[in-house]
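Q: Okay, here's the structure, questions in a sec.
The values are calculated or read from the model by the stated rules, or taken from the named source; none is laboratory data. Quantities reported herein were computed from a predicted structural model and do not represent experimental measurements. Here the Cβ is made from the backbone with ideal geometry for all residues, glycine too, and neighbour counts use every protein chain on show.
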Amino acid sequence: MYEATGKEVYRDFVMTRLNRLEAPEGTAESLPIQDDPAYFFALDQTGNEKYRQKIESLIGQNDWTLDFMPFVTAYETRYKRKEHYNEIVALFREKERFTGSDLVSLIETIGQMSEEIYEYYRELRDLFKAVLKERMNELPDSSENLEIGYSILKACNMGVLQTEKYSDFGELVWKTIAGNDKDTCAGLQEMLRAQYTILRKQEV
């Protein structure tokens, strides 16, 4: 939402949350693994080395699951000269059945991958399109409606999908939640809202 609107309240929310977790008197609570890329956001916003140290710590302590791949890919792209792209791609390639959460992880991973290593970027992009075509038939009645809709809008905004061809499917999902209380939306609903906002701005 900070990217979509530029409103400082969204930036401050993230920074306050991270700082509370990292405070000496904080609890042992940690972010859900899919939210760990927030530390890259914090590092970019502040340049504070403590966030780089946290990134290094997370890389060393977490297993390479699909939901961790956006974080791993961001790390590989920034700091490891893309050395392990082949392993990242292999995890997705070997997946037989993609859940909605897996689809979100896939498009987020693509978003962190450099197109300079085009072979791997192209493979993940093509895989995303193939998986999505199967899942779109479930709209708007899927129990993973939000995951599918978010993935579509994110892919349109990234140029992975043609906006003219696919954005209506994402908007279909958006319309099912648009009446929700915007002050209480959280998580994936807010992410979907952000992608919809970015899409509309691009059309102006």
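Q: Would you be able to tell me the number of residues in region 123-155 that are farther than 24 Å from GLN202 by Cα and at pLDDT 95 or above?
A: Selection size over region 123-155: 5.
Q: Can you confirm whether ARG97 is farther than 29 Å from GLY170 by Cα, without any contact (Cβ under 8 Å) to a residue 40 or more places away in the chain and not in a helix (DSSP H, G or I)?
A: Numbers: farther than 29 Å from GLY170 by Cα: no; without any contact (Cβ under 8 Å) to a residue 40 or more places away in the chain: yes; not in a helix (DSSP H, G or I): yes.
Considered against the rule, which asks whether it is farther than 29 Å from GLY170 by Cα, without any contact (Cβ under 8 Å) to a residue 40 or more places away in the chain and not in a helix (DSSP H, G or I), ARG97 comes out as no.
So that you can scan it fast, the table gives a plain yes or no per residue for (1) more than 27 Å from ASN145 (Cα to Cα); (2) assigned to a loop (DSSP other than H, G, I, E, B):
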{"residue": "GLU29", "(1), (2)": "yes, yes"}
{"residue": "TYR39", "(1), (2)": "yes, no"}
{"residue": "GLN53", "(1), (2)": "yes, no"}
{"residue": "LEU58", "(1), (2)": "yes, no"}
{"residue": "ARG78", "(1), (2)": "yes, no"}
{"residue": "ASP102", "(1), (2)": "no, no"}
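Q: Which number in (1) acidic (Asp, Glu); (2) in contact with a helix residue (DSSP H, G or I) (Cβ under 7 Å, 6 or more places away or on another chain); (3) assigned by TED's automatic domain parsing to the domain that holds ARG20 marks the one condition that GLU108 misses?
A: (3)
Q: What tally of residues in region 157-174 results from selecting those that are among the aliphatic types (A, V, I, L, M) and either surrounded by 23 or more Cβ atoms within 10 Å (Cβ to Cβ) or in the same structural domain as LEU103 (by TED's automatic domain parsing) (or both)?
A: First pass over region 157-174, keeping only residues among the aliphatic types (A, V, I, L, M): 158, 160-161, 172-173.
If we keep only those that are either surrounded by 23 or more Cβ atoms within 10 Å (Cβ to Cβ) or in the same structural domain as LEU103 (by TED's automatic domain parsing) (or both) as well, we get 161, 173.
Here the count works out to 2.
Q: Let me ask something else. For region 60-73, enumerate the residues that are under 16 Å from PRO32 (Cβ atoms), touching a residue at least 12 places away in the same chain (Cβ under 8 Å) and not in a loop (DSSP other than H, G, I, E, B).
A: From region 60-73, those under 16 Å from PRO32 (Cβ atoms) are 61-63, 65-72; that's our starting set.
Pick out the ones that are also touching a residue at least 12 places away in the same chain (Cβ under 8 Å) and you get 62, 65-72.
Within region 60-73, LEU66, ASP67, PHE68, MET69, PRO70, PHE71, VAL72 meet the criteria.
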